[in-house]
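The values are calculated or read from the model by the stated rules, or taken from the named source; none is laboratory data. These figures come from a predicted structure and were not determined experimentally. Glycine also receives a Cβ, built like all others from the backbone with ideal geometry; neighbour counts cover every protein chain displayed. Heads up: the accessible areas ignore ligands, DNA and RNA and are worked out on the full protein's heavy atoms, side chains in. Shrake-Rupley method; radii C 1.70, N 1.55, O 1.52, S 1.80 Å.
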Amino acid sequence: MISFESKLQLLQKNGLLRERRTIEGPQGAILTVDGVQLLAFASNDYLGLAHHPDLIQAAHHALDRFGVGASASALISGHSKPVELLESTLAQWLGYERALHFSTGYMANLGIIPALVGEGAAVFSDVLNHACLIDGIRLARADAVTVYDHADVGHLESAMKQSSAPEKWIITDAVFSMDGDIAPLNAIVALADQYDAHVLVDDAHGFGVLGEEGRGTLSHLGIQSSRVVYMATLGKAAGVFGAFVAASAEIIEWLIQRSRTYIFTTGTPPVLAAACLASLTRIQQDQFRRNHLHEMGNRLQEGMESLPWPTLPSLTAIHPIILGDNFTATQIADALWARGIWVPAVRPPTVPEGTARLRISLSANHQPEQIDQLLNALKALA
Ligand SMILES: *Cc1c(COP(=O)(O)O)cnc(C)c1O
C-alpha cells in the first residue's frame, strides 16, 4: 500500500505542507484566527462586501422566501428566480446578450472550456493561468495546446502564426491571481482578430475592482469584442460565492446544453444569488470602495520600495513580495504572524518553483494605519 504518511513527510521536508486556519466571526481587516486576533491581508473580499448589511439583509429575505436548497440541477428541477435575475442583470450590465451562472469559478472553467473548445482546435494558454483554467484545458483534450510565456504577446503571436488549426482559443486570466498584474488584453484581442481566434478571459480578480462601476478588466482596458467569452467569479470582490460566464446568446445556449459542470450539479441556493444581486448594487454605486482600495495599494507600494525584496507593481488588490525559497517565505509569514499580522506564504504548485512569495491582498476594509503596521513589521524583518 502507498504510504501517505511518507508523502506528507516529504511535503513537510520541502516546506510545502499547508496548514488550515479556522476563522471565528465575519470577514474583515481584523480576524479572530484559531483564537488569536490578527490584522489580515489574506482575503479576496477586495471591496469589503462579504459582511455588508445590504447583502446580509438580501440573504435573510431570500432565505425566508426560498428556503435553503435548490433541490436538483437546473435542467431537472428548474433554476430559481434570483439566479435568473442575477444572470439577466449581469448580462445587461456588462453588455452581453446572455449570462450563465455556475456554482463556483472552478466549476465554471472546468465546464466552459471542454464545452466550447471543439475537435481539432488549438489552445493558447498563459503559463501563469489559474489552476482551474489549466484543468479545464486538460479536460478539453484539445489537439494542440501552446503554453506561452507570461503575458508575452510576441511568443503568443509566433505560436498562432505556426498553427493551422481551423479553430483557435486564447485563454487567459485577466488579472493574474498570484502576481496582481493585468494581461495585455488589447494586444491579445488584436491578435485574435488577426488570426480569427476566440478569447476566454477569466476576470476573477478584476471584476468589481477595475473598470467603470467595477465592470472589470475589459472595461478598464476599453475592450469590447464579440470574440471574447467573459468569465468572472462572485466569491471575491462580490463577497459572496459563485461565478458566471457572459457571451452571445448562442454560446450561452450551447453551454446550457453541453457544459457538464452546469448540467450535472445541484443548482445554487437562491439565497446566494440574492446576496449577489445586492452585491452588484454596491459594486456599481460604491466607487469610494475602489478609490480607497487604490489609495491603500499606492500607500503599500510606496512603502515596499524600501524593502530589500523584489515586489511587483500592481493596480489591483494583489501585491506580492517575491522571496524565492519556500522556507524563507514561511519563515517571514510566521514572523509576521507572531507580530499579529496574517499574510499568506504562497508556494508551489500555486506559483512556479523558486518564486515562493508573500501574497498581500488588500481590501476596502483596510485603514492607512493598518498598511503602515504591515510595512513597519516587514521593515523590521528585512
Ligand atoms: C479563485 C479563482 C477561480 C475560482 O473561483 P472560485 O469561485 O473560487 O472557484 C477561478 N479563476 C481564477 C483566476 C481565480 O483566482
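If you go through segment 125-153 and keep only what is open to solvent by 50 Å² or more (accessible area, probe 1.4 Å) and of a type outside the set (A, V, I, L, M), you end up with H130, R138, R141, D143, D149, H150, D152. Scanning segment 284-308 for residues that are within 28 Å of R65 (Cα to Cα) and assigned to a helix (DSSP H, G or I) yields Q284, Q285. Screening E295 against (1) of a type in the set (D, E); (2) under 29 Å from A59 (Cβ atoms); (3) open to solvent by 60 Å² or more (accessible area, probe 1.4 Å) leaves a single unmet condition, (2). When G214, G239 are screened for being surrounded by 24 or more Cβ atoms within 10 Å (Cβ to Cβ) and either within 14 Å of the ligand (Cβ to nearest atom) or in the same structural domain as R359 (by TED's automatic domain parsing) (or both), only G239 passes. Looking across segment 89-145, not a single residue is in contact with a Phe, Trp or Tyr (Cβ under 6 Å, 6 or more places away or on another chain) and modelled with pLDDT under 95.
Return the residues of segment 43-76 that are more than 24 Å from F288 (Cα to Cα) and open to solvent by 30 Å² or more (accessible area, probe 1.4 Å); say none if nothing qualifies. Don't jump to the end; show me each part of the working.
Step one: of segment 43-76, the residues more than 24 Å from F288 (Cα to Cα) are 60-76.
Matches in segment 43-76: H60, H61, L63, D64, R65, F66, V68, G69, S71, L75, I76.
Listed by first and then second residue, the pairs with beta-carbon distance under 9 Å, at least 6 apart or on different chains, first residue in segment 1-23 and closer than 24 Å to D334 by Cα, second acidic (D, E), are G15/D325; R21/D34; T22/D34; I23/D34. Criterion applied to V33, V83 was being open to solvent by less than 30 Å² (accessible area, probe 1.4 Å) and modelled with pLDDT under 95, and the one residue passing it is V33.
In summary, strands (runs of 3 or more DSSP E) completely within segment 83-179 and bearing 2 or more residues that are in the same structural domain as D193 (by TED's automatic domain parsing) and β-branched (V, I, T) occur at 144-148, 168-173.
Kindly indicate whether G208 is within 15 Å of the ligand (Cβ to nearest atom), touching a residue at least 40 places away in the same chain (Cβ under 8 Å) and within 21 Å of A131 (Cβ to Cβ).
Working: within 15 Å of the ligand (Cβ to nearest atom): yes; touching a residue at least 40 places away in the same chain (Cβ under 8 Å): yes; within 21 Å of A131 (Cβ to Cβ): no.
In short, no.
Within segment 242-254, the residues that satisfy the criterion of being away from the ligand (no atom under 14 Å from the Cβ) and crowded, with 23+ Cβ neighbours inside 10 Å are A246, A247. Checked against (1) assigned to a helix (DSSP H, G or I); (2) in contact with a Lys or Arg (Cβ under 8 Å, 6 or more places away or on another chain); (3) within 16 Å of the ligand (Cβ to nearest atom), V199 meets all criteria but (1).
Residue count for segment 90-103, restricted to those that are over 16 Å from I256 (Cβ atoms) and open to solvent by less than 40 Å² (accessible area, probe 1.4 Å): 2. Would you confirm, using the coordinates I've provided, whether V189 is open to solvent by 20 Å² or more (accessible area, probe 1.4 Å) and either touching a strand residue (DSSP E or B) at 6+ places or on another chain (Cβ under 8 Å) or farther than 28 Å from S73 by Cβ (or both)? The answer is no for V189. Restricting T261, T268, T281 to residues that are within 14 Å of the ligand (Cβ to nearest atom), of a type outside the set (A, V, I, L, M, F, W, C) and part of a helix (DSSP H, G or I) narrows the list to T261.
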